Amino acid sequence: MIDEEEEIVSKLEAKIKNLESHYKKYRKAYLDIFKRFKKLALRKKEERVRIKKLLKDLDLLLNNIKERFDRLEKVDERLSAIEEEIQVVKMRLDKIEKNLFKYKEKL
């Protein structure tokens, strides 16, 4: 009877050791997976932050380009006005030149 009990106890101890080794393996695997997941989550968060920063930089660049384009439009308008004034001055100079020519001929 004692031999049977010792045999049962030894079998139970072997099963307990087996279960403990399985537990350690699964716990290690779980911790590895958890660490990987944590790294991936951190990397994903860093990527989101980086993307937000890039979008902000792009927005600033677009605003800068828009401001420059607006300034160029204003400069273009000013140049058009100056060209019109130059045309008016040329027409006046042509009239003056014709008048001078007429006066020279009369003299």
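The values are calculated or read from the model by the stated rules, or taken from the named source; none is laboratory data. Note that the structure is a prediction, hence the values are computed from the model and not measured. When we count neighbours, we look across all protein chains shown, and the Cβ atoms used for this are built from the backbone with ideal geometry, even at glycine.
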*Tell me, yes or no, whether region 52-67 has at least one residue that is at pLDDT 95 or above and of a type in the set (S, T, N, Q).*
yes
*Might you let me know whether region 7-23 holds any residue that is hydrophobic (A, V, I, L, M, F, W, C), in a helix (DSSP H, G or I) and exposed (fewer than 10 other Cβ atoms within 10 Å of the Cβ)?*
no
